[in-house]
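**Student:** I am attaching a structure below and will ask some questions about it afterwards.
The values are calculated or read from the model by the stated rules, or taken from the named source; none is laboratory data. Predicted model, so just to flag it, every value in this text is computed and none were measured. Positions of Cβ are backbone-derived with ideal geometry, glycine not excepted, and every protein chain shown enters the neighbour counts. For accessibility, only protein heavy atoms count, side chains too; no ligands or nucleic acids. Shrake-Rupley method; radii C 1.70, N 1.55, O 1.52, S 1.80 Å.
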Amino acid sequence: MNFNAPIDRKFKVVGTRMERPDGRDKVTGKAAYGADISAPGMLHGRILRSPHAHARIKSIDVSEALAAPGVKAVVTAADFAETDDQDMADIRDNCLARDKVLYDGHAVAAVAATSKSAAKHAMRLIKVDYEILPHVTDVDEAMKHDAPVVQAGRVYESVPGGYSENVTSFFEFGHGDLDAGFAKADKIIERSFKTAATHQGYIEPHACMGNLGSDGKGELWCCTQGQYMVRANCAEILGIEASQLRVTSSEIGGGFGGKTTTFIEPVALALSRKCGKPVKIVMSREEVLRATGPTASTSMDVKIGMTKDGRITAGTAALRYQGGAFPSGTVTMGAQSAFAAYDLEAVQTLGWGVMTNRPKEAAYRAPGAPTAIFAVESVVDELCQEFGLDPLDVRIQNAARKGTLSSYGPTFDEIGLVATLEAAKAHPHYTAPLGENQGRGLSCGFWFNFGGNTSVSLNLNDDGTVGVVEGNPDIGGSRASISMMAAEELGIPYDHVRTVIADTSSLGFNDVTDGSRVTFAVGLATIKAARAAIDEMCGRVAKLWGIDPDAVVWEDGYAKPAGANAGQHDPMSIQEIAAIAGSTGGPIAGHHEVNAEGAGVSFGVHLCDTEVDPETGATTVLRYTVFQDAGKAVHPDYVEGQMQGGAVQGIG
């Protein structure tokens, strides 16, 4: 079946608003999060963090800490393995600093003790001798030739000359003749913008419990958006085989991209290996804000030309993103997103990735895109105001659509931007009257979407119910969506399917839950796993009936003869087939593994009404409406919740 082709199909389960499978446990407090795990003999870990933004570590004395009551182990970066993988070395050195601390809050050492208070006391006994170095936290200052260097030797060959070594990467996208494009414009506006780093603000702090023996076999429980990623990172950092470490993800109390990371997990495992006991580490809120990745802060210049009738003739954007103390590629996605909503004959986007003495950045809901789009959309709005043009009409006039050569290279196939713009134009919100000191803003939005490596196992129970095992932590309703798609394919009720998240030893590899990939990629694998199970069931029934497997079809949970030529046989239900599976060939299951491709880009349009107090400048959001190119909403409640959550986080 061509999964990219549009189909005219009436769904019975998909598109309905089923009860969420995790809802009751979460509202009653039964759901187990990262900090809820415990084990007999468990120790408590605490991490010592640098009070300096940039300093050389001259020495670390842990002798007093080791002698303190209740202390069982202390670790430093010396307890981590060497690696030839630079990206892995960055993750390792962010978990525990080696030669230098690179930001305030950078982890330096850790202690495990019999109680939280003993661990906290011992942590304060660790003596670190620092040589304080100059630091830089602003992206523009960090780029200057004479800026303090965060890390030497990290500059890619693509970076042009004239900058400090903090500028590690440079990207350029675009097409067309910019000079000719700007020459056609009746008005050109050029503006500069700066945005601050923003933390994801998840409610649940990072937490884990690690248990690693001297034989290299271990268990890890943690709150994460990707247990396979955590396993790979921890195994490399600790110098053990990935097959010997089983990682189980807990329920997750918010991530938004901020838990596609590894911070405390290798530390807990290293402590456990030293003391022979399970070790639990739970970050405080202060630690989360000091030492885990916020977004990149930015400095951006945008220049756009427009004719008086609203046609955009050319656009350029220069984007400078700082991603903390380690090289980052987020500016690439910002540069690709900046002008993605527009069909332009001449466009150029430049991007610089810059290191500063700040925590290593992490993803946050379409990393890099919102800031770049904010800058471009602000200038488009100003041009509309200059000419007295309707901002929605101008966007419709210039909108990317099928056949548009995008600003970052690919030619778009079917996309939904024009549909969302027209829906916004037709909505009562857009023409609702505004009062004194009130205004209405709008913006287009864009994201790529991904597929990625995915494994799914679907198992038929002997009563005809189904268990689905997938490997992506559920941060947006994927368990419900996956169960719904399995039920739809099998023709059985939703409540006859249960989807669970596998640990790393129970299922093949899965990429991280990020990039809006899970419902697409895991859904595709689930559909194919269900179809594999259906093929097996039809084959079993064909043998019972003594006919060819092609003469058996599957409809609404039953195996049926394909037609009169297949003979007169009573349909067999999935329950009947399951009940006799042991005598027809054994357990029935469907599996599918794929590196999913073909995820389409998506667009959205947001309308927002605000009121400003002229005396204080206080701004109140009065009304907010989202129009999203969402495709088929498998579970509309979850899709609407994603829109609402994204809008609220954007409001701040």
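**Student:** If I ignore ligands, DNA and RNA and count only protein heavy atoms, how much of Asp179 is accessible to a 1.4 Å probe, in Å² to the nearest 10?
**Tutor:** Its accessible surface works out to 130 Å², give or take rounding.
**Student:** If you find the alpha carbon centre of region 471-506 and of region 371-416, how far apart are they in angstrom?
**Tutor:** When both Cα centres are located, 38 Å separates them.
**Student:** Greater than 31 Å separation of Cα atoms is the criterion. Which listed pairs, Lys26/Lys72; Lys10/Lys402; Lys259/Lys402; Lys26/Lys560, meet it? Write down the numbers at each step before the final one.
**Tutor:** Working: Lys26/Lys72 35 Å; Lys10/Lys402 26 Å; Lys259/Lys402 35 Å; Lys26/Lys560 41 Å.
Checking Cα-Cα distances, Lys26/Lys72; Lys259/Lys402; Lys26/Lys560 exceed 31 Å.
**Student:** Can you classify region 28-124 as rounded, prolate or oblate using the Cα gyration tensor, where a ≥ b ≥ c are the square roots of its eigenvalues, rounded means a/c under 1.5, and otherwise it's prolate if a/b beats b/c and oblate if not?
**Tutor:** Details: a/c = 1.94, a/b = 1.33, b/c = 1.47.
It is oblate, given that a/c is not under 1.5 and a/b is not larger than b/c.
**Student:** Here is a follow-up. Which of Thr610, Phe448, Ile482 sits closest to the plus end of the dipole of the chain, meaning its Cα is farthest towards the positive end, when Lys and Arg get +1 and Asp and Glu get -1 on the C-beta?
**Tutor:** Checking the options against the dipole of the chain, the answer is Ile482.
**Student:** While we're here: So what does the Cα-only Debye profile of region 46-179 read at q = 0.19 Å⁻¹, as log10 I(q)/I(0), no solvent term?
**Tutor:** -1.09
**Student:** With every protein chain present, what accessible area does Arg531 have (1.4 Å probe, heavy atoms only), rounded to the nearest 10 Å²?
**Tutor:** 60
**Student:** Sticking with this one: Roughly how many Å² of Ile37 are accessible to a 1.4 Å probe, to the nearest 10?
**Tutor:** Rounded to the nearest 10, that gives 40 Å².
**Student:** Determine the relative contact order of the chain: mean sequence separation of Cα pairs under 8 Å and six or more apart, normalised by residue count, in whole percent.
**Tutor:** Working: 1557 pairs, mean separation 93.7, N = 652.
Value for the chain: 14 percent.
**Student:** Hey, if you drop one equal point scatterer on each alpha-carbon of region 552-648 and run the Debye formula without solvent, what base-10 log of I(q)/I(0) do you get at q = 0.20 Å⁻¹?
**Tutor:** For region 552-648 at q = 0.20 Å⁻¹, log10 I(q)/I(0) is -1.05.
**Student:** Given N residues in region 176-228, what is its alpha carbon radius of gyration divided by 2.2 N^0.38 Å? Display every interim value, and only then the final one.
**Tutor:** Values: Rg = 25.8 Å, N = 53, 2.2 N^0.38 = 9.9 Å.
Here the answer is 2.60, to two decimals.
**Student:** Once you mark the GluC sites (Glu not before Pro) that are in a DSSP loop and have at most 13 other Cβ atoms within 10 Å, what is the longest gap between them in the chain?
**Tutor:** Numbers: sites that count: Glu19, Glu82, Glu157, Glu241, Glu414, Glu436, Glu597, Glu615.
My reading of the result: 242-413 is the longest stretch.
**Student:** Among Phe80, Ile91, Ala109, whose Cα lies farthest out toward the positive end of the dipole of region 76-147, if unit charges sit on the beta carbon of Lys, Arg (+1) and Asp, Glu (-1)?
**Tutor:** Ala109
**Student:** Lys187: net charge of surrounding residues, Cβ under 10 Å, Lys/Arg +1, Asp/Glu -1, itself excluded? Provide the component values of the computation, followed by the final result.
**Tutor:** Working: positive: Lys308; negative: Asp186, Glu382, Glu386.
Local net charge: -2.
**Student:** To continue, here is another question. Would you kindly enumerate the cysteines in the chain that have no other Cys beta-carbon under 4.7 Å from their beta-carbon?
**Tutor:** Cys95, Cys223, Cys234, Cys275, Cys384, Cys444, Cys538, Cys608
**Student:** Using the scaling law 2.2 N^0.38 Å as the reference, what is the normalised Cα Rg of region 358-504? Walk me through the numbers on the way to the answer.
**Tutor:** Values: Rg = 22.2 Å, N = 147, 2.2 N^0.38 = 14.7 Å.
Against the compact-globule rule of thumb, the ratio is 1.51.
**Student:** Still on this structure: What is the distance in Å between the Cα centroid of region 583-606 and that of region 195-273?
**Tutor:** Comparing the Cα centres of region 583-606 and region 195-273, I get a distance of 26 Å.
**Student:** In addition: When Lys and Arg each count +1 and Asp and Glu each count -1, what net charge do the other residues less than 13 Å away from Ala530, Cβ to Cβ, add up to? Write out the running numbers ahead of the final one.
**Tutor:** Working: positive: Lys528, Arg531; negative: Glu470, Glu488, Glu489, Asp535, Glu536.
Spelling it out: positives minus negatives among the neighbours equals -3.
**Student:** From the convex hull of the Cα coordinates of region 146-284, what is the mean projected area in square nanometres?
**Tutor:** On the way: hull surface 56.5 nm².
One quarter of the hull surface, i.e. the mean projection, equals 14.1 nm².
**Student:** Continuing with this model, one more query. As a test of reading the structure, rank Cys275, Cys222 by solvent-accessible area (1.4 Å probe, protein chains only), most first.
**Tutor:** Numbers: Cys275 35, Cys222 0 Å².
Result of the area sort, largest leading: Cys275, Cys222.
**Student:** Give me the orientation-averaged projected area of the Cα convex hull of the chain, in nm², one decimal. Can you show the working numbers first?
**Tutor:** On the way: hull surface 137.0 nm².
Over all viewing directions, the chain projects a mean Cα-hull area of 34.2 nm².
**Student:** Give the lysines whose C-alpha is closer than 22 Å to that of Lys308, dropping any in the same chain fewer than 8 places away, or say none.
**Tutor:** Cross-link targets: Lys184, Lys187, Lys425.
**Student:** Place a +1 charge on the Cβ of each Lys and Arg in the chain and a -1 charge on the Cβ of each Asp and Glu, then give the dipole magnitude about the Cα centre in debye, rounded to the nearest 20. Display every interim value, and only then the final one.
**Tutor:** Working: 58 positive and 80 negative charges, 331 e Å.
Computed about the Cα centre, the dipole is about 1600 debye.
**Student:** Express the carbon and sulfur contribution to the solvent-accessible surface of the chain as a percent, rounded to the nearest whole number, probe 1.4 angstrom. Don't skip to the answer; put the middle values down first.
**Tutor:** Numbers: 13970 of 28000 Å².
Ligands and nucleic acids excluded, carbon and sulfur give 50 percent.
**Student:** Rank these by accessible area, largest first, 1.4 Å probe: His106, His44.
**Tutor:** His44, His106
**Student:** Test of the criteria: in region 56-118, which trypsin sites (Lys or Arg not before Pro) are in a DSSP loop and have at most 15 other Cβ atoms within 10 angstrom of their Cβ?
**Tutor:** Within region 56-118, the qualifying trypsin sites (Lys or Arg not before Pro) (loop, at most 15 other Cβ atoms within 10 Å) are Arg98.
**Student:** Compute the distance from the alpha-carbon center of region 14-39 to that of region 54-112, in whole Å.
**Tutor:** Value for the Cα centre distance between the two parts: 35 Å.
**Student:** May I pose another question? Please calculate how many Å² of accessible area region 497-567 carries per residue, with a 1.4 Å probe and no DNA, RNA or ligand atoms counted.
**Tutor:** Working: 3100 Å² over 71 residues.
Each residue of region 497-567 exposes 44 Å² on average to a 1.4 Å probe.
**Student:** To the nearest 20 Debye, how big is the dipole of region 345-452 about its Cα centre, given +1 on the beta carbon of each Lys and Arg and -1 on that of each Asp and Glu?
**Tutor:** Details: 8 positive and 12 negative charges, 95 e Å.
Using Cβ point charges on Lys, Arg, Asp and Glu, region 345-452 gives about 460 debye.
**Student:** Now a separate question. Work out the P(r) tail for region 478-571: percent of alpha carbon pairs separated by more than 19 Å, whole number. Present the calculation step by step, with values, prior to reporting the outcome.
**Tutor:** Values: 2207 of 4371 pairs.
Tail of P(r) above 19 Å: 50 percent of Cα pairs.
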